[in-house]
1. Between beta-carbons, use under 15 Å as the cut-off and find the net charge around Thr176, counting Lys and Arg +1, Asp and Glu -1.
2. Net charge near Ala261, counting Lys/Arg +1 and Asp/Glu -1 over other residues with Cβ under 15 Å of its Cβ?
3. Can you list the residues, at least 5 places off or on another chain, whose amide H is less than 5 Å from the amide H of Gly270, using H built in the peptide plane?
4. Search the structure for amide H atoms under 5 Å from the amide H of Asn160, placed 1.01 Å from N in the peptide plane, and list their residues when 5 or more places away or on another chain.
5. Mind listing the phi-derived Karplus ³J(HN,Hα) values for region 202-211, rounded to whole Hz, using 6.51, -1.76 and 1.60 with θ = phi - 60°, and x for any glycine or proline?
6. Under 12 Å from the Cβ of Val273, count the other residues' Cβ atoms, weight Lys and Arg +1, Asp and Glu -1, and hand me the total.
7. What does the extension gain come out to for Ser231 and Asn217, with contour length at 0.36 nm per residue minus their alpha carbon separation?
8. Place the peptides 236-246, 184-194 in order of packing, highest mean first, counting for every residue the other Cβ atoms within 10 Å and averaging per peptide.
Amino acid sequence: MPRANQPTPRNASRDPGNSGNPVGTLGEYSEKFKACLGVQKKIEKRLTLFSPPSKTVFQEAEKTTLMPTAPSNKPRNNPNMKTQTLLNRVDARLAGYATLAGAALAAPAFTPSAEADIVYSGPVNITIPSTTQGVYLNVVSGAFTTLGSSTGGAPGWDVNPFSATSLNMFNPAAPTGGVYVGSAGYFNLTLGTLISGASTFSSGVISATSPNPSAFNSSNNLIGFRFVDPSINGGATTYGWMRISLGATSGAQPRAIVEYAYENTLAGIGAGVIPEPSTLALLSVMAVGAVGVRAWRKRKAA
């Protein structure tokens, strides 16, 4: 990142908090933002103790590119005035970053590409009827039906939890040899358990050797599965998991597929694992926090 006294690249956009510095990457904004909040925290601590801020605080502020020193005709022997000036600069930065994050969030939503590793459904809460049909779900398209596989409501379906009296898992035609992680039935997996080609697969009711029993009145039921879809890896076997919520018993309502995810490469996937939050998401969270910090300061000063 160029210093304030260096030429600014011709096509660089401008930082909302300091018109002399070009905008960096979102990761750089994240680091700058953390530094900004750290300086403010030190200042707030000084004010709370009702003692003038030490010279060290201002020296640290001057060293960071977040707080460039501007010429001033105001007296320099008033520590309270210095403190207020620095806080005003911090406020300007917080407002600038909050505006930047807000503008980014207003952009069109990003659709995961075929190069993404983990494809996550987000919360879907698809009801599993207590019937012999249950629900048929195509995890790639998101299409599902409760009317039976022959209706065409979920062509190429991959998983089918069903049963009027318990929770059973029914296999599609492929891959052969079972679809759900388990042995003589499916397992309720522990969070993070690897689902891969090294896993064993089965179907039917929950296995007597499951590492965890069915969790009633809870969504702590993680079922691993594998599936084949021509649109992924040329029809190679792909691995995923689904989270199921149950009522008082495995066959009672309400029960639903809460969420699911799969790995669209040949790699395995950990049960319950979802993509890490992006830098933009983290920046947005910090921007919301910045607005709260500024509001708190104003209330405290009133």
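1. Counting the neighbours of Thr176, the net charge comes to 0.
2. Numbers: positive: Arg226, Arg243; negative: Asp117, Asp158, Asp229, Glu259, Glu263, Glu276.
That sum, taken over residues with Cβ under 15 Å, equals -4.
3. Amide H neighbours of Gly270, under 5 Å, 5+ apart: Ile195.
4. Residues meeting the amide H criterion: Phe170.
5. For region 202-211, the Karplus-derived couplings read 8, 7, x, 8, 4, 6, 5, 9, 4, x Hz, x marking Gly and Pro.
6. Overall, the nearby charge balance is -3.
7. Extending this stretch completely gives an extra 1.4 nm.
8. Packing proxy ranking, top to bottom: 236-246, 184-194.
Read-outs throughout are calculated quantities, based only on the coordinates presented, and are distinct from any laboratory measurement. Everything numeric in this text was worked out from a predicted model, so none of it was measured. Neighbour counts run over all protein chains shown; Cβ positions are idealised from the backbone, glycine included.
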